[in-house]
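Here's the structure, in structure tokens; my notes come after.
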Amino acid sequence: MTDPADIRPARRAVADTLRTRLAVSFLGVALAAVALLAVLTVIFASDDVSTLVHNQRTELTNGIAGAAAAGWERRDRWAGADLSAALDLAADTGSEVRITDDVGRVVEISPGFASSAGRPQYQAPVFGDGRPVGEVTVRFTGERLSGADSALQSALIWAIVAAAGVAALLALLTGLAVARRLTRPVRHIISVTRAMGAGVRTARVGPVRAPEELRELATAFDQMADVLDRQEQLRRDLVADVAHELRTPVAILQAGHEALLDGLAEPTPAELVSLHDEVLRLARMVDELETLAAADAAALHLELRPCDLAEVASSAADGLASRFGAAGVQLERRLAPAVVMADEQRLRQVVTNLLTNALKFSPGGAPVAIDVGPAGPDAILRVSDHGVGIPAADLPRIFDRFWRGAQAAQTSGSGIGLAIAAELVRAHHGHLSASSQPGAGTQMTLTLPLVTAA
Amino acid sequence: MAATILLVEDETKLRDLLRSYLEQAGFSVLSTGSGAEALSLATTAEPDLLVLDLGLPDLGGETVARELRATSSTPILMLTARSSEEDRVAGLEAGADDYVTKPFSPREVVLRVQAILRRGGQSATAEPASYGGGALLIDESRHVATVRGEDIDLTPTEWGVLVTLASVPGRVYSRFELINRVRGYEFDGYERIIDSHVKNLRRKIEQDAGNPEIVTTVLGGGYRLGLARDD
């Protein structure tokens, strides 16, 4: 025997639970999102910073070119022009400058220009009196502008790292909270399942606050538990019924034999026949139990096909014609076609049972009628007899297993036929009902859904 | 004066059999298969005890017992086809003094009836039963067996075997039946074990255990009491 606790997987260092999985997934997604954001931010931001720097440098270069043009314009030529403003502007912004005339001769150059080759270099034409008179070349060496982008980038990275930390924390907390909400109903269902397994037949999950799938799981579980419970109840009822029904013939046999042994009764043929009858009753009961078990199994494996209820009724009536003839009971048939979904063989078994019952309770001469026809959405089969009838108080019980009417004591049978018939009809999604007037007769009505010509 | 028993049982064969047993035990018996009739008979005939089937077709035995209890204190022995604990309790609550579950040995019903009446102060046979011209005396009320004037010390099983055999002298009891009666239905073993008890019993009560006269063997059948009952 396995203890339920043994079924659980061995606990690992970090348990592989829904909780940890969810928390880890949330964490992973959050970190991935932050990382992606960081990469994109760095890429786009560095672009932006470069553009900014480039614009500033272009502007500065243009400014220096403007200052050089102003120096040129005061003399209308480069020779003797005062270019200090341009040089100062370059020096102030940490850059080196070279000014050339319109044919490329150097007219002015800052001292560090030559040594700053390789630095970012910008050029702008110098306009004097509306025509190009030369060109300035600026090389940026100082940190004052080129450092701006790296400072900006490191600030961004710090912001991203901080954001990643906060996001991770939030993801972890959210993951745990969601896991908690998900696992609580799951744990509840597990505990109810264990209880059912341990034999608590009334254990049910009941309504749960959970996502739809888990609610469906809970509902499905409860429905399954109900079905199992019903089957278990049916089984118990059957066993109890059987034990109950076996007791009477066994009690008669025991008492009867003891009376013979004790010499209280003589083993006369009459006495022996009476005891033998009880043995036959037991034997029949055993037979019918097998039939009942087979009917239960058959009800689970019906082969439903469209078939005409009238034909089934007709073939069942044909099969019993000789018995009706022998009993001198006339069987009237009024059969109109009515197509139903049915397992023909099982359905014939039901009709045969109804007809046999009608015959059994019909005194000689009183006719039995079988009617078949459509009625609204249903197909109806009715067997009517003019026999002794069934007292109103007994009507609800006639479909019970082993039930036999008080007046049936003299007839054969253990009262299982109608129970089987009702069971088979239920399996056909139909129902069997009875109405009766004591002394006037009984009508057994079989109702099945009609197959509409599609 | 013989005590009157009202027997209420709807199964005709069972009723007739019980009736013979009760009459043979010296009771005068009224019988019916209907609960309603039982109630009217109970008031008109004033029986000393009711043997009442729980599963009657008209009024349930429980209802009969309850209605009867409302007006009288006539003892009731319930016959029930239901053996579950709740049903027994329900039967006893309805006013039954004792119950026997079906299937039963009719003799057990007679013994229970006698026991209830004895409890109720009715005179019962105080005399020990005597067999074989006084060679064997069995006093069930005192639980004593006397063989040739000497009280014999018996184990419960030996006592049970002797009393069972003596209940109908001359009748053959199979080993299976003896086991059932002595040990109850829950016994589920080798029925030949009864032989060793019989052997011990013979050693205690027979003059010659190799040639028994009181507990005799029936080949292929079982055992029976070899002595006739003295009247």
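The values are calculated or read from the model by the stated rules, or taken from the named source; none is laboratory data. As the structure is a prediction and not an experimental result, all values here were calculated from the model. Using ideal geometry, Cβ is built from the backbone for each residue, glycine included, and neighbour counts are taken over all protein chains shown.
A few remarks follow.
Matching residues to (1) under 24 Å from A:Thr356 (Cβ atoms); (2) modelled with pLDDT under 85; (3) more than 11 Å from chain B (Cβ to nearest Cβ); (4) touching a strand residue (DSSP E or B) at 6+ places or on another chain (Cβ under 9 Å):
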residue: A:Glu258; (1), (2), (3), (4): no, no, no, no
residue: A:Pro267; (1), (2), (3), (4): no, no, yes, no
residue: A:Asp308; (1), (2), (3), (4): yes, no, yes, yes
residue: A:Val329; (1), (2), (3), (4): yes, no, yes, yes
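- Condition met for B:Gly26 (away from chain A (no Cβ under 13 Å) and surrounded by fewer than 15 Cβ atoms within 10 Å (Cβ to Cβ)): yes
- For A:Asn357: the one exception among (1) touching a strand residue (DSSP E or B) at 6+ places or on another chain (Cβ under 9 Å); (2) of a type outside the set (Lys, Arg); (3) not in a helix (DSSP H, G or I): (3)
- Some residue of the range A:183-199 being free of Cβ contacts under 8 Å to residues at least 60 places away in the same chain, surrounded by 12 or more Cβ atoms within 10 Å (Cβ to Cβ) and among the basic types (Lys, Arg): yes
- Residue list for the range B:206-231, restricted to those being under 20 Å from B:Leu154 (Cα atoms), touching a Pro at 6+ places or on another chain (Cβ under 8 Å) and either part of a loop (DSSP other than H, G, I, E, B) or modelled with pLDDT under 90 (or both): B:Glu206, B:Gly226, B:Leu227
Matching residues to (1) among the polar types (S, T, N, Q); (2) in contact with a Ser or Thr (Cβ under 7 Å, 6 or more places away or on another chain):
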{"position": "B:Asn180", "(1), (2)": "yes, no"}
{"position": "B:Arg183", "(1), (2)": "no, no"}
{"position": "B:Tyr190", "(1), (2)": "no, no"}
{"position": "B:Gly210", "(1), (2)": "no, no"}
{"position": "B:Glu213", "(1), (2)": "no, no"}
{"position": "B:Arg224", "(1), (2)": "no, yes"}
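- You will find that of B:Thr12, B:Thr80, the residue that is within 10 Å of chain A (Cβ to nearest Cβ), under 19 Å from A:Thr248 (Cβ atoms), in contact with a strand residue (DSSP E or B) (Cβ under 6 Å, 6 or more places away or on another chain) and of a type outside the set (A, V, I, L, M) is B:Thr80 and no other.
- Given (1) at pLDDT 85 or above; (2) under 23 Å from the mean Cα position of the chain (by Cα), index of the condition B:Thr80 fails: (1)
- Applying the criterion of being crowded, with 19+ Cβ neighbours inside 10 Å and assigned to a loop (DSSP other than H, G, I, E, B) to the residues of the range B:34-50, the residue that is nearest to the chain's Cα centre (by Cα) is B:Asp48.
- Checking A:Gly199 against (1) closer than 30 Å to A:Ile420 by Cα; (2) within 14 Å of chain B (Cβ to nearest Cβ); (3) not in a helix (DSSP H, G or I), the condition it does not meet: (2)
- Flag for B:Ala96 being in the same structural domain as B:Ser28 (by TED's automatic domain parsing), among the aliphatic types (A, V, I, L, M) and out of contact with any helix residue (DSSP H, G or I) (no Cβ under 9 Å at 6 or more places or on another chain): no
- Selected residue (criterion: nearest to the other protein chains (Cβ to nearest Cβ)) from residues of the range B:137-184 that are among the polar types (S, T, N, Q) and assigned to a helix (DSSP H, G or I): B:Ser167
- Considering the range A:224-249, and only residues there that are surrounded by fewer than 18 Cβ atoms within 10 Å (Cβ to Cβ) and within 9 Å of chain B (Cβ to nearest Cβ), the residue that is farthest from B:Glu11 (Cα to Cα) turns out to be A:Ala240.
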